[in-house]
Amino acid sequence: MSAGPSWGGLPGDPPILPHWIGNRPVLTADGRDPAWIDDLAPATGRVRARIARGGPAEVDAAVGAARAALTGPWAGWTAAARAELLDRAAALLEARLDELAALEGEDSGKPVALAARMDIPRAVANLRFFAGAARHDHTPCHADGGPGRRLNYTLRRPVGVCALITPWNLPLYLLTWKVAPALAMGNTVVCKPSELTPATATALAAALAEAGLPDGVFNLVHGYGPEVGAPLVAHPGVSLVSFTGGTATGRSVAAAAAPSFKKLSLELGGKNATVIFADAVDSEAALDAVVSGAVRAAFTNQGQICLCGSRLLVEGRAYDRVVGRFLQRMAALRVGPPEAAVDMGSLISHAHREKVEGYLRLAREEGGVVVGGERPSPAEAPEGGAFLRPAAVLGLSPRCRVATEEIFGPVVSVHRFEDEAEALEQANLVRYGLAASVWTTQLDRAHRVAAALEAGIVWVNCWLERDLRTPFGGVKESGVGREGGDWSLDFYSEVRNVCLALS
Ligand code: TXE
C-alpha cells in the first residue's frame, strides 16, 4: 500500500490531497488556515491521507480560473491537439496502472485486482476513446434551394465551464468518463470528486498537468457536497453540470441548476432486474453460465455499482435450480482485504455497512429469509474494515421496501415469476429505470422483453458489456440525459447553425 503522498499529493504525515486550481496544488484560495477531512481506507479504518476541505472560496477561484482559460491559449487548440493531449494523459495513467489500482483499492476498499482489471483500464480507455471522437468528429452541412442559394453548416462550440461531480464507487472511471469528452470538445472543467475517494482525482490532475494541459483548463476542488458541490452547481460562471450519484442528491442538483438553465446530465441510482427465463438454463453448462452472470451482476464491486442486478427474477419452473446454484456460488465468494486474492473487498464505509445491514434487518422484519450477509471472521478480513459477506433475501414480495429501494451493497432480493407478463410487471414496478439484464435463448422473447423493459440499458445474455459509442443513462428516477459516444459530444458542446445566403 502507498506509504508516501499519492501522485499529485503533497508530503505530510499522513500525506495531503490538495485542490488543483490553475494547474497548481492549492490548500486554500483566500489565505485562511486550511481545514481538513480525513480520507479513510475503508478496509482498515486507517487515515490514509488528509483532504483539503474546500468551500465557496475555492469553488469561486476554480470557476474563475476555468473561465479565464476559456479565452486563453486553450481556445486556439485544434481538435487534433486536444486529442493528442488526451492520448498523452492516457499513456501516463497506463504507465502507472498498478500504482493507481493500489490507490483505488486502498481508498475505496474494492479489490485491487478489480481496479487493475476494470477501473483503471476503463479510465485509460475513456481518455483514448474521446481522443478518437475529437479526431473523427464531423458536423452536418445542408445546402438548400439549389446551387448558389443557401448553405447551412453546423458548428460545435464549447459550452463553457463544466461542473463534473462524481461518486465514490468508480472514482477514476467515472471522473474520466466526464473529463475526457468535456476536454475533447474544448471546454474547461471544475471537478468535485467524492470526499470518500479523492485520491485518483488528484492523480488525474497531476497526469493532465504533466501531459501539457494549459493553466486553468482542469480544476479540482475537494470537499463535502453541501460545501463544494452545491455552490459549484449554483455558480453563475458554470454552464454545464454532469452529476453521478444518489437520486436524492440528484434532485437537489437539478433544482440548483434550474434557475440559470445550465445544461444538465444526471446519472442516478438503480434497482436493476436480472430476469432469468427457464429456457436459458436447459443444461448444466447453461445453468452455470447464466448463474455466473447473475452473481457477477449482483456482487461486482461489493454490489456498489448503479448497474448491479440487485433483483433476481426467476421463472417458476427453473426457480429451484437457479436459486440453488446462485446461493452455492454466492457462498463461495471470497471476501477479504483489497490486496488479497478476493472476489469482494470492503464496503465504502462503516456507515454504509450499517445502512446495508439495516436493510437485512428490515428484510427479516418483513418476513423474508436472509441467506448470508454476515460480517466475515477476523481470519478472513481485518476487523477494522467495513466488510460484509454477500446476501440474498428470499420469500418477500417484489413490492416490499427491500426489493424496491436502492441498497447499493451486496444484497439481492430473489423473486419468482410464472410468465413473461409477470416478469415484466415485476421488473418495471420500481421507481428506478437504469439497466436490466435478460437471460433467454428465445430470440423473439429477447427483443420483446428488451422493448418492454423500462430501462435505459438492456443487456441480453450478458451484463456490463460496455461499448463506449452507445448511449448510457436511465429513465424514471435513474436520471436525465444520455452520455457516451455522440451523446457525450452533443452534451459537452453547443451546436450552432450558420446560414449563409450565397446569391
Ligand atoms: O452519494 P451522493 P453518496 C447512491 C447509493 C448511495 C447513495 C448515497 O444509493 O447509498 O447514493 O451515496 C456530491 N450538491 N449512489 O452519499 O451524496 C458528493 O460530495 C452537489 C448511486 O455518496 O449523491 C459526491 O461527490 N453535489 C451512485 C457526489 O455528489 C453534492 C453512486 C455523490 O454523492 C451534493 C454513489 C449537493 N447538494 C451513490 N451533496 C451511482 N448512481 O453510481 C453531495 N454531493
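Laid out as a table, the results:
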| item | result |
| --- | --- |
| Which numbered condition Glu84 misses (of (1) more than 30 Å from Glu339 (Cβ to Cβ); (2) buried (at least 22 other Cβ atoms within 10 Å of the Cβ)) | (2) |
| Scan of region 176-201 for residues that are outside any helix (DSSP H, G or I) and closer than 29 Å to Ser349 by Cβ, ordered by number | Val189, Val190, Cys191, Lys192, Pro193, Ser194, Glu195, Leu196, Thr197, Pro198 |
| Checklist (1) part of a loop (DSSP other than H, G, I, E, B); (2) more than 8 Å from the ligand (Cβ to nearest atom); (3) within 19 Å of the chain's Cα centre (by Cα) applied to Pro214, failing item | (3) |
| In region 453-497, the residues that are open to solvent by less than 20 Å² (accessible area, probe 1.4 Å) and of a type in the set (S, T, N, Q) | Ser478, Ser488, Ser493 |
| Residue that is farthest from the chain's Cα centre (by Cα) [pool: residues in region 404-418 that are away from the ligand (no atom under 16 Å from the Cβ) and of a type outside the set (A, V, I, L, M, F, W, C)] | Glu418 |
| Filter result for Ala421 (among the hydrophobic types (A, V, I, L, M, F, W, C) and within 16 Å of the ligand (Cβ to nearest atom)) | no |
| Pairs where the first residue, in region 444-462, is farther than 14 Å from Ala427 by Cα and the second is open to solvent by 50 Å² or more (accessible area, probe 1.4 Å), C-beta under 6 Å, 6+ apart | Ala446/Val460 |
| Any chance Thr440 is away from the ligand (no atom under 16 Å from the Cβ), buried (at least 16 other Cβ atoms within 10 Å of the Cβ), in the same structural domain as Ser310 (by TED's automatic domain parsing) and hydroxyl-bearing (Ser, Thr, Tyr) | yes |
| Qualifying residues in region 342-376 (those that are open to solvent by 30 Å² or more (accessible area, probe 1.4 Å) and of a type in the set (Lys, Arg)) - the one farthest from the ligand (Cβ to nearest atom) | Arg364 |
| Filtered residues of region 144-189 (kept if out of contact with any Asp or Glu (no Cβ under 9 Å at 6 or more places or on another chain), small (Gly, Ala, Ser) and touching a residue at least 40 places away in the same chain (Cβ under 8 Å)) | Gly148, Ala163, Ala180, Ala182, Gly186 |
| Per-region count, region 25-44, residues under 14 Å from Thr202 (Cα atoms) and either without any contact (Cβ under 8 Å) to a residue 12 or more places away in the chain or not in a strand (DSSP E or B) (or both) | 1 |
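So that you can scan it fast, the table gives a plain yes or no per residue for (1) part of a loop (DSSP other than H, G, I, E, B); (2) of a type in the set (Ser, Thr, Tyr); (3) at pLDDT 95 or above:
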residue: Ala294; (1), (2), (3): no, no, yes
residue: Thr300; (1), (2), (3): no, yes, yes
residue: Leu307; (1), (2), (3): yes, no, yes
residue: Val314; (1), (2), (3): no, no, yes
residue: Leu347; (1), (2), (3): yes, no, yes
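This table checks each residue for (1) open to solvent by less than 10 Å² (accessible area, probe 1.4 Å); (2) over 26 Å from Thr44 (Cα atoms); (3) outside the structural domain of Ala182 (by TED's automatic domain parsing).
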residue: Leu97; (1), (2), (3): no, no, no
residue: Met118; (1), (2), (3): no, no, no
residue: Pro121; (1), (2), (3): no, no, no
residue: Phe130; (1), (2), (3): yes, yes, no
residue: Cys141; (1), (2), (3): no, yes, no
residue: Gly146; (1), (2), (3): no, yes, no
residue: Thr154; (1), (2), (3): no, yes, no
residue: Cys162; (1), (2), (3): yes, yes, no
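The values are calculated or read from the model by the stated rules, or taken from the named source; none is laboratory data. Computed from a prediction, not measured in an experiment: that's the story for all the values here. Counting neighbours? That spans all protein chains shown, and the Cβs are built from the backbone with ideal geometry, glycine included. The accessibility values were calculated without ligands, DNA or RNA, using every heavy atom of the protein model including side chains. Shrake-Rupley method; radii C 1.70, N 1.55, O 1.52, S 1.80 Å.
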